[in-house]
Structures are given as C-alpha cells and as structure tokens.
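Trainee: Dropping the structure in here first, questions after.
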Amino acid sequence: MLEIKNIWKTFNAGTVNEKAALRGVSLTLGDGDFITVIGGNGAGKSTLMNAVAGVYPVDEGTITIDGTDVTKLPEHKRAPFIGRVFQDPMMGTAATMQIEENLALAARRGQPRGLGWAITKQERERYRELLKTLDLGLEDRLTSKVGLLSGGQRQALTLLMATLKKPKLLLLDEHTAALDPKTADKVLDTTERIIQRDKLTTLMITHNMRDAIAHGNRLIMMYEGRVAIDVAGEEKKKLTVEGLLEMFSKVSGSTEADDKLLLS
Ligand SMILES: Nc1ncnc2c1ncn2[C@@H]1O[C@H](COP(=O)(O)OP(=O)(O)OP(=O)(O)O)[C@@H](O)[C@H]1O
C-alpha cells in the first residue's frame, strides 16, 4: 500500500543550518499494516510523514501509494489518498462551522463546490451514528459550532473526518499528545476501533512507548534520520519498554538510555 524507497531530505542545504532530516529511509507497508513510530526529538518522524503527505519534495528516493508513484505530486494531489491527524486539536476542523458542516466538508473532499452541498437527512443520520461511536455525547450536538468543543472532542471529530472516506493511508502525528491522559486513552481507543473496522493502513507517531507497544502490528524507531529499529509480528507482541530502551542503547551507542533520552 505504501512503498518508501531510500528517501533523503536535507533542510537548508549548503548553509550553516543544514540539517539532514532523512538519510535513506525505506519502508514498505502492506494493506492494513499499522505501524507505530517512535524516536527522540529531531529523529525525523514528522519529516517522514510530511514527505509521504507531500508537504515538501524529497531530495532523493521514491514514494508509491497503492501503486501510484506520488513522489513528484504536490500535497493537494496526494490528499485524496491520505487522512491525517496532527497533534494540535485546532488544526483538523473549522472552528466557526458546525459539527455536521465539518463532517459534510470531509465527505465532499475533492468535489467541486456548488450543487449537492446541502446536508441530506440520510447523511445527518450517518453522522449521528458515527458520532455515537465516539461516546462523547456529540451525536446530540450536530449543529454546535466546533469552536465550542473540548480539545479531545475536536481531536475525535478530526479523526472521524480523516477516516470518513476510508483513506488508503492514515497518518497520525502524535494526535493524542496534547490531550489529558484519560481523553488521550479514549481517542486512542477510538482510533484503534476505526483502524480495525476499516482495515486502514496506518502510520502513527507517538512519544508514548507503551502506546507504541500496545498498538499496531509493527513498530519502528527512528534515530538520526534513519529507521534504527524495526520490530513486527510475534517479536513486537513480546516487546516491553525495558526491551525497547535496551535496543535503543545499542543503536545510539548510549549506555544510559532512558525514556527521557528517547522520548523527550
Ligand atoms: N521545515 C524545516 N526546516 C528546517 N529544518 C527542519 C524542518 N523540519 C524539520 N527540520 C529539522 O529536521 C530534523 C528532523 O525533524 P522532525 O520534525 O522530523 O523530527 P521529529 O522526529 O518529528 O521530532 P519531534 O519528536 O521533536 O517532533 C530536526 O533537526 C528539525 O529541526
């Protein structure tokens, strides 16, 4: 479903601020794979996602989504393939619009504005059902302005919007990091349910090692612009935080790996 081949990305090349953010990353995700991505600050996690989403071009390498080489496609041309949720709950939704209007916007993504923009009764029912699955009481607030919602409610709504049209690829960029622990757990539960229900191919960046271990069928750790650790299947199921820290010490050469070093 996603094939990343040897991608390189250097920011500010040739200046004192030169930064090699991705240094030959290759990664293949099959249909329905759910990969969690961890790594310390500046390891290249967000750059990897931005490269896949087409936020900026890569210097070298290729990116193929569902058989289409998207390497040279601008972000808006890749958007129909991709659902993305960011850390900031303010980013994925339009605050001055109603909940149902936001959902309708997501449902009509890629369609020209104009005829057919009125929300039908069937759509409203579908939205109500979807919102009910979030268990946040939003199903009775279809016409509330999104700006009135809490961060967790907004993030859950963003998740619904990003997955409404079953994207070929779901990119989650620390999407629960700005939420309080209880809300974060709830949003993550919802995430897991949607991914399983729709068998979505997913990349999820997290700073929480426990979440990275508990979710997905494969875990990668990035370090200095490379995939340093790649654990899947049975081996992943047996992973512990201690085991991960030990692996990190080996790849980083640090004898005192702790979760602060890895995840701060
Ligand atoms: N647009 C940009 N311009 C210049 N440098 C950038 C840009 N985006 C990222 N970088 C640099 O590239 C490196 C990798 O950054 P990236 O955001 O991918 O790391 P990350 O693993 O997501 O870290 P974090 O966990 O802190 O979000 C960093 O050194 C960062 O400063």
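The values are calculated or read from the model by the stated rules, or taken from the named source; none is laboratory data. The structure presented is a predicted model; accordingly, all values stated were derived computationally and were not measured. Cβ atoms come from the backbone with ideal geometry, glycine included; neighbour counts cover every protein chain shown.
Trainee: Among (1) surrounded by fewer than 19 Cβ atoms within 10 Å (Cβ to Cβ); (2) modelled with pLDDT of 95 or more; (3) more than 14 Å from the ligand (Cβ to nearest atom); (4) closer than 21 Å to Ile220 by Cβ, where does Asp69 come up short?
Mentor: Condition (4) is where Asp69 drops out.
Table: residues versus (1) at pLDDT 95 or above; (2) over 20 Å from the mean Cα position of the chain (by Cα); (3) assigned to a loop (DSSP other than H, G, I, E, B); (4) not small (Gly, Ala, Ser).
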| position | (1), (2), (3), (4) |
| --- | --- |
| Gln196 | yes, no, no, yes |
| Leu200 | yes, no, yes, yes |
| His207 | no, no, yes, yes |
| Ile220 | yes, no, no, yes |
| Asp230 | yes, no, no, yes |
| Glu234 | no, yes, no, yes |
| Glu242 | no, yes, no, yes |
| Thr255 | no, yes, yes, yes |
| Leu262 | no, no, no, yes |
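Trainee: Mind telling me which of the residues Arg84, Arg126 ends up being within 16 Å of Pro167 (Cα to Cα) and not aliphatic (A, V, I, L, M)?
Mentor: Arg84
Trainee: In this structure, is Lys72 out of contact with any helix residue (DSSP H, G or I) (no Cβ under 9 Å at 6 or more places or on another chain) and farther than 28 Å from Leu157 by Cβ?
Mentor: yes
Trainee: Still on this model: Go through (1) under 19 Å from the mean Cα position of the chain (by Cα); (2) part of a helix (DSSP H, G or I); (3) surrounded by 14 or more Cβ atoms within 10 Å (Cβ to Cβ) and name the single condition Val251 misses.
Mentor: Of (1) under 19 Å from the mean Cα position of the chain (by Cα); (2) part of a helix (DSSP H, G or I); (3) surrounded by 14 or more Cβ atoms within 10 Å (Cβ to Cβ), only one is false for Val251: (1).
Trainee: May I ask you to list pairs of residues, at least six apart or on different chains, whose Cβ atoms are under 7 Å apart, with the first in the range 37-49 being within 15 Å of Leu219 (Cα to Cα) and the second being near the ligand (Cβ under 6 Å from one of its atoms) and in a loop (DSSP other than H, G, I, E, B)?
Mentor: Every condition considered, the pairs that remain are Lys45/Gly39.
Trainee: Let me spell it out: the conditions are (1) within 13 Å of the ligand (Cβ to nearest atom); (2) touching a residue at least 12 places away in the same chain (Cβ under 8 Å), and Glu18 meets all of them except one. Which number is the exception?
Mentor: (2)
Trainee: Can I ask one more? Any residue that is touching a residue at least 12 places away in the same chain (Cβ under 8 Å), within 26 Å of Ile63 (Cβ to Cβ) and either touching a Leu at 6+ places or on another chain (Cβ under 7 Å) or within 16 Å of the ligand (Cβ to nearest atom) (or both) - is there at least one of those in the range 180-191?
Mentor: yes
Trainee: Out of the residues in the range 110-154 meeting the condition of being assigned to a loop (DSSP other than H, G, I, E, B) and in contact with an Asp or Glu (Cβ under 7 Å, 6 or more places away or on another chain), tell me which one is surrounded by the fewest Cβ atoms within 10 Å (Cβ to Cβ).
Mentor: The extreme case among them is Thr143.
Trainee: Which of the residues spanning the range 210-247 are within 13 Å of the ligand (Cβ to nearest atom), farther than 24 Å from Pro167 by Cα and aliphatic (A, V, I, L, M)?
Mentor: Met221, Met222, Val227, Ala228
Trainee: Identify the single condition in (1) away from the ligand (no atom under 16 Å from the Cβ); (2) without any contact (Cβ under 8 Å) to a residue 40 or more places away in the chain; (3) surrounded by 13 or more Cβ atoms within 10 Å (Cβ to Cβ) that Thr62 does not satisfy, given that it satisfies every other one.
Mentor: Just one mismatch for Thr62, condition (2).
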